[in-house]
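Notes follow the structure.
The values are calculated or read from the model by the stated rules, or taken from the named source; none is laboratory data. Keep in mind it's a predicted model, so treat the numbers as computed, not measured. FYI the Cβ positions are ideal-geometry reconstructions off the backbone, even for glycines, and counts take in every protein chain you see.
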Amino acid sequence: MRKDLEIPQGKRTKLYRFLEILPGAISYGAIILLFILSLIDPVFGAIYLFALIATTLVKAVGVAYRTVQGYKVIKRAERIDWRKRIEDLSSPHLAYEHLRDKDDKSYHFEEHIENLKMMATMSKEYPAPDKIYHVVIMAAYNEGIEIIEPSIRAVAKSTFPKDHIIFVLAYEARGGEAMATTARQLKKQYQGVFRDFILSEHPDGLPGEVVGKGPNLTYAGHIVAEYVSKRHLPVENIVVTSLDSDNHMASKYLDSVAYEFITHPNRQRLSYQPVSLFMNNIWDASAPSRIIAISNSFFNVISTMRPHLLRNFASHSQPLQALEAMDFWSKRTIVEDGHQYWRSYFFFSGDYSVLPIRIPIYQDAVIDDTLWKTIKAQFIQVRRWYYGASDVAYVGSRLFVKKDKRTVPFWQLFPRFWRLLDGHVTLAILAPIVAFGGWVPMLMNLSSHTMVAYNLPNIVSIVETFASVGLIVSILVSFKMLPKRPARYRKGRNVLMLLQWILMPITSILYQSLAAFYSQTRLMLGLYMEKFDVTKKVVKK
């Protein structure tokens with residue numbers, strides 16, 4: 001095991017503590033600076049404000065374009081027969097001769113032809129399609145069978161051969177006897193559907209572990225590695241996919257991953273990232289949860305169109321050989337998905353990237369028993385995501401060191417560090433500055449009659465109107481992405497789906513800015529979040 005991959009426990013070095021404080025310090029400083037500049041001179045405050053809001057306008061245009069583009073690409077990818085394309089890889093020369101002159105405008109077809117050509121000339125560099133295996137590890141805590149069983153059923157509907165799928169239900173011992181009983185019942189129900197159905201019960205309270213999903217996945221990973229070794233399966237040809245208990249995998253996902261795994265020579269140094277769409281129960285969710293769910297779905301759609309910026313999020317796939325070499329996932333962070341990118345990046349000394357898989361994995365929006373519990377649970381989920389600011393120190397501590405201790409060249413790593421830091425600061429400051437920033441220069445200069453100060457709110461409002469174009473486009477696309485409306489809801493539910501966006505400013509401040517500030521403040525104070533607070537999942541019937 002590479003111990004230098006782990007997040008430090010206990011007392012940090014001075015550099016590490018400085019970097020933990022840095023995101024929160026900049027976020028708070030950016031807000032305070034607006035007041036200071038406005039007090040000195042409202043023109044200074046106005047210039048500073050426009051510099052920040054201009055990024056909103058630019059990003060809004062980019063969001064609109066990437067959302068439409070990403071939606072179209074996902075739909076095209078879903079129409080592809082990935083099983084047929086994998087079968088083509090079994091006889092690349094024959095398939096190439098048959099398809100080379102075909103006029104096919106479907107998604108990825110030109111890349112497919114190029115892949116067939118490469119495999120026909122260098123077949124030894126590519127694994128045989130019938131030697132590929134998938135391991136699906138589904139992490140669970142105390143969810144009921146009504147949550148977990150549909151997720152397993154979705155894997156069982158995969159177009160990938162089931163005798164090459166090993167399913168692992170990784171549940172927590174702290175989930176109690178009810179969880180263990182559910183696990184045994186599901187194993188009995190699905191035994192024989194896959195090559196094997198393995199139960200992994202993660203013990204509670206193991207030393208050096210946070211209470212989170214990473215330790216559970218890692219414990220299951222070791223069981224998988226032992227299983228593969230005893231049965232002499234080709235570890236270099238096995239891909240592991242981690243799922244949450246509410247994740248419904250699209251039927252073509254495993255085939256799409258297998259295809260990309262086969263056709264990329266650097267396959268061991270890649271993660272394979274699906275598009276996470278929070279759409280399973282979107283019609284049942286309350287308005288605030290729907291906005292968060294759809295907004296995060298759009299973020300994932302946009303991310304898949306920017307591969308150079310893509311990071312691991314929620315469910316993802318990675319080769320077993322690479323996972324075993326780096327001791328699987330981190331056991332010291334509650335954001336094991338995003339952190340896995342940096343863990344892998346440093347393990348491979350920078351020679352690592354995330355490959356977009358344009359096939360969705362569908363997840364649940366947050367629903368609890370009451371509206372107030374749902375609002376609270378939603379905040380808990382989002383603040384956990386934004387605790388990813390802890391990676392700023394993890395990355396920076398490997399960047400700002402002497403050259404002989406640096407495993408990745410400075411100018412290769414620094415832009416990534418900067419984007420990571422900028423992203424978390426922007427999450428915290430953008431919503432309140434856009435909502436209230438225009439009033440600050442006027443409020444700080446009530447005794448004067450500066451034209452700039454008094455007209456600034458109106459000017460900001462005009463800029464925000466132009467920026468809302470991106471939101472309008474996103475709303476239109478969201479209606480196309482929604483699953484079919486359940487029969488228990490009348491058409492009036494569609495109107496609510498439209499009116500809900502009035503709450504966007506409120507949800508942005510509550511679930512984006514406040515959650516980001518909460519996580520960054522805890523890092524500043526050294527009050528580390530070391531427990532993965534599972535958001536309750538309720539199925540409405």
* Where residues in the range 53-83 are among the polar types (S, T, N, Q) and within 20 Å of the chain's Cα centre (by Cα), which of them is surrounded by the fewest Cβ atoms within 10 Å (Cβ to Cβ)? -> 69
* Structure fact -> Within the range 207-238, restricting to residues that are in a loop (DSSP other than H, G, I, E, B) and touching a residue at least 24 places away in the same chain (Cβ under 8 Å), the one that is surrounded by the fewest Cβ atoms within 10 Å (Cβ to Cβ) is 208
* Give the residues of the range 483-527 that are outside any helix (DSSP H, G or I), closer than 25 Å to residue 380 by Cα and in contact (Cβ under 8 Å) with a residue 40 or more places away in the chain, sorted by residue number. => 526
* **Condition met for residue 34 (of a type outside the set (Val, Ile, Thr), closer than 30 Å to residue 221 by Cβ and buried (at least 16 other Cβ atoms within 10 Å of the Cβ))** => no
* Considering only the range 267-283, state which residues are among the polar types (S, T, N, Q), over 17 Å from residue 349 (Cβ atoms) and in a strand (DSSP E or B). => 273, 276
* Structure fact -> Of those in the range 331-354 that are in contact with a Lys or Arg (Cβ under 6 Å, 6 or more places away or on another chain) and of a type outside the set (A, V, I, L, M, F, W, C), the residue farthest from residue 254 (Cα to Cα) is 351
* To do: Determine if the range 187-205 includes at least one residue that is under 12 Å from residue 137 (Cα atoms), of a type in the set (Ser, Thr, Tyr), assigned to a strand (DSSP E or B) and at pLDDT 95 or above.
  => yes
* To do: Could you grab me the full set of residues in the range 267-308 that are of a type in the set (A, V, I, L, M, F, W, C) and over 12 Å from the mean Cα position of the chain (by Cα)?
  => 270, 279, 282, 283, 285, 287, 291, 292, 293, 294, 305
* Within the bounds of the range 90-112, is there any residue that is of a type in the set (Phe, Trp, Tyr) and at pLDDT 95 or above? -> no
* If residue 159 passes every condition in (1) surrounded by fewer than 20 Cβ atoms within 10 Å (Cβ to Cβ); (2) at pLDDT below 95; (3) in a loop (DSSP other than H, G, I, E, B) but one, which one does it miss? -> (2)
* So residue 10, is it in contact (Cβ under 8 Å) with a residue 40 or more places away in the chain and either of a type outside the set (Phe, Trp, Tyr) or at positive phi (or both) -> no
* Within the range 372-397, restricting attention to residues that are more than 23 Å from the chain's Cα centre (by Cα) and touching a residue at least 24 places away in the same chain (Cβ under 8 Å), which residue is surrounded by the fewest Cβ atoms within 10 Å (Cβ to Cβ)? -> 373
* Determine, yes or no, whether residue 317 is within 20 Å of the chain's Cα centre (by Cα) and crowded, with 24+ Cβ neighbours inside 10 Å. => yes
* Which is under 25 Å from residue 480 (Cα atoms) and either among the charged types (D, E, K, R) or surrounded by 24 or more Cβ atoms within 10 Å (Cβ to Cβ) (or both), of 242, 286, 256? -> 256
* Can you name the condition, by its number, that residue 467 falls short on among (1) surrounded by 18 or more Cβ atoms within 10 Å (Cβ to Cβ); (2) modelled with pLDDT of 85 or more; (3) small (Gly, Ala, Ser)? -> (2)
* **Residue list for the range 162-187, filter: of a type outside the set (A, V, I, L, M) and within 19 Å of residue 224 (Cα to Cα)** => 162, 163, 164, 167, 171, 172, 184, 187
* Look at the range 301-342 and say how many of its residues are within 21 Å of residue 72 (Cβ to Cβ) and in a helix (DSSP H, G or I). => 7
* To do: Could you run through the range 318-333 and say how many residues are more than 15 Å from residue 220 (Cβ to Cβ) and touching a helix residue (DSSP H, G or I) at 6+ places or on another chain (Cβ under 6 Å)?
  => 5
